[in-house]
Amino acid sequence: MLVNGKWIEDWQPVQAKDENGGFVRQTSSFRNWVTPDGNAGPTGEGGFAAEPGRYHLYVALICPWASRTLIGRKLKKLEEVISLSVVEPALTAQGWRFGDYPGSDRDTVNDATYLHELYTRADPAISGRATVPVLWDKKRTTIVNNESADILRMLNSGFGDLADPSYDLYPADLAGEIDALNARIYPRLNNGVYRAGFATTQVAYEEAFHQVFSMLDELEARLADGRTFLFGDRLTEADIRLFVTLVRFDVAYHGLFKCNLRRIADYAGLSRYLETVMAVPGIRETVNIDHIKAGYYSIKALNPNGIVPLGPELPTSLAA
């Protein structure tokens, strides 16, 4: 954890908790936006115009929040516009590290060893956790944004003509419905699995556990009419935000996070949906089950011996 720009203690999954022992997620520190003309976005300051080669995305393949942005970059065909670095999957005493684990990279932009070095480069007095994703501005040598929800939206519309228009992940006619569904899924499921896994009391764990499965049941019912995606035949950001949790559920959250009432494999509709989203061109390439398992099971607070389970047996689309 960083305090006034200095790394002071080993990385811990829980930095804050509520009065019931529930996990409290840190608020993102950098909230500027890339826009086509460089004007300010919904939050932060202006000066971050869309330009090819100017921005760099730092991600972890184990992380659902980072994977949202990785999918957005793929679907909008921004790979040649925004460069990429992938940290190693195992969390070290100093958090995310760059290195040579298969599928990971060295940091060729800032020559950092640990992700937290980027945070202190952007703000020498910063306090808090160094999280992924990070959208970095090479021109101004600073972090633009480290909030995945913001980055996903700016990948959709902030890069203007540099992005492929084939997918509109936040169409105006569905914006209100997308926001409302996101607001239900995030606390109960996306963050709910973390609230269950990192709970420090039985009360907090059980509350999160029940919300996770009530949300999964609600989504199963929503998909019962055979719709392709959450809003019919159009893939939106709501699908991306749901998918990144579902694809990690059976291999990590079910066991390590004690969300073990049912697996996604036990839900017919959610299983079909997971396969459908995975089949969207480009999305499969953003999923690395080896990184996901190696990363989650490296969390010493939950798995002190670091043993990575061999199971579960996965469908072919996930096991590759």
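The values are calculated or read from the model by the stated rules, or taken from the named source; none is laboratory data. It should be emphasised that the depicted structure is a prediction, and the values quoted were computed from it without experimental measurement. So basically every Cβ, Gly included, is an ideal-geometry build from the backbone, and we count neighbours across all protein chains shown. Heads up: the accessible areas ignore ligands, DNA and RNA and are worked out on the full protein's heavy atoms, side chains in. Shrake-Rupley method; radii C 1.70, N 1.55, O 1.52, S 1.80 Å.
Kindly indicate the residue of the stretch 135-149 that is of a type outside the set (Asp, Glu) and under 11 Å from the mean Cα position of the chain (by Cα) and also nearest to Leu2 (Cα to Cα) among those meeting that condition.
Keep residues of the stretch 135-149 that are of a type outside the set (Asp, Glu), which gives 135-136, 138-146, 148-149.
If we keep only those that are under 11 Å from the mean Cα position of the chain (by Cα) too, we end up with 146, 148-149.
Working: Asn146: 15, Ser148: 20, Ala149: 23 Å.
Top of the filtered list is Asn146.
Okay, residues lined up against (1) among the β-branched types (Val, Ile, Thr); (2) crowded, with 24+ Cβ neighbours inside 10 Å; (3) on the phi > 0 side of the Ramachandran plot:
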| position | (1), (2), (3) |
| --- | --- |
| Phe48 | no, yes, no |
| Arg54 | no, no, no |
| Tyr58 | no, yes, no |
| Ile71 | yes, yes, no |
| Lys77 | no, no, yes |
| Glu80 | no, no, no |
| Leu84 | no, no, no |
| Glu88 | no, no, no |
| Gln94 | no, no, no |
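Looking only at residues in the stretch 104-130 that are of a type in the set (Ser, Thr, Tyr) and surrounded by fewer than 23 Cβ atoms within 10 Å (Cβ to Cβ), which one is farthest from Gly53 (Cα to Cα)?
First, the residues of the stretch 104-130 that are of a type in the set (Ser, Thr, Tyr): 104, 108, 113-114, 119-120, 127.
Now drop any that are not surrounded by fewer than 23 Cβ atoms within 10 Å (Cβ to Cβ), which leaves 104, 108, 113-114, 120, 127.
Working: Ser104: 21, Thr108: 14, Thr113: 22, Tyr114: 23, Thr120: 23, Ser127: 29 Å.
Of everything passing the filter in the stretch 104-130, Ser127 is farthest from Gly53 (Cα to Cα).
Listed by first and then second residue, the pairs with beta-carbon distance under 8 Å, at least 6 apart or on different chains, first residue in the stretch 150-168 and on the phi < 0 side of the Ramachandran plot and open to solvent by less than 10 Å² (accessible area, probe 1.4 Å), second part of a loop (DSSP other than H, G, I, E, B) and charged (D, E, K, R), are Leu155/Lys76; Phe159/Lys76.
Look at Leu75 and say whether it is touching a strand residue (DSSP E or B) at 6+ places or on another chain (Cβ under 9 Å) and at pLDDT 95 or above. Can you show your working first?
Details: touching a strand residue (DSSP E or B) at 6+ places or on another chain (Cβ under 9 Å): no; at pLDDT 95 or above: yes.
Criteria not met by Leu75.
Every residue, every condition in (1) open to solvent by less than 20 Å² (accessible area, probe 1.4 Å); (2) hydroxyl-bearing (Ser, Thr, Tyr); (3) out of contact with any helix residue (DSSP H, G or I) (no Cβ under 9 Å at 6 or more places or on another chain), yes or no:
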residue	(1), (2), (3)
Tyr273	yes, yes, no
Met278	yes, no, no
Ile283	yes, no, no
Asp290	no, no, yes
Tyr296	yes, yes, no
Ile299	yes, no, no
Ile307	no, no, yes
Leu310	no, no, yes
Thr316	no, yes, yes
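Restricting attention to the stretch 234-272, the residues that are in a helix (DSSP H, G or I) and of a type outside the set (Asp, Glu) total 21. Of the residues making up the stretch 142-178, those that are in a helix (DSSP H, G or I), farther than 21 Å from Lys77 by Cα and either among the hydroxyl-bearing types (Ser, Thr, Tyr) or touching a helix residue (DSSP H, G or I) at 6+ places or on another chain (Cβ under 9 Å) (or both) are Leu174, Glu177, Ile178.
Residue count for the stretch 282-320 satisfying the condition of being in contact (Cβ under 8 Å) with a residue 24 or more places away in the chain and part of a loop (DSSP other than H, G, I, E, B): 15. For the condition in a loop (DSSP other than H, G, I, E, B), out of contact with any helix residue (DSSP H, G or I) (no Cβ under 8 Å at 6 or more places or on another chain) and not charged (D, E, K, R), Thr131 does not qualify. Selection of first residues in the stretch 203-230 that are farther than 14 Å from Leu270 by Cβ and of second residues that are charged (D, E, K, R), restricted to Cβ pairs under 6 Å at least 6 apart or on distinct chains, gives the following pairs, ordered by first then second residue: Ala208/Arg195; Gln211/Arg188.
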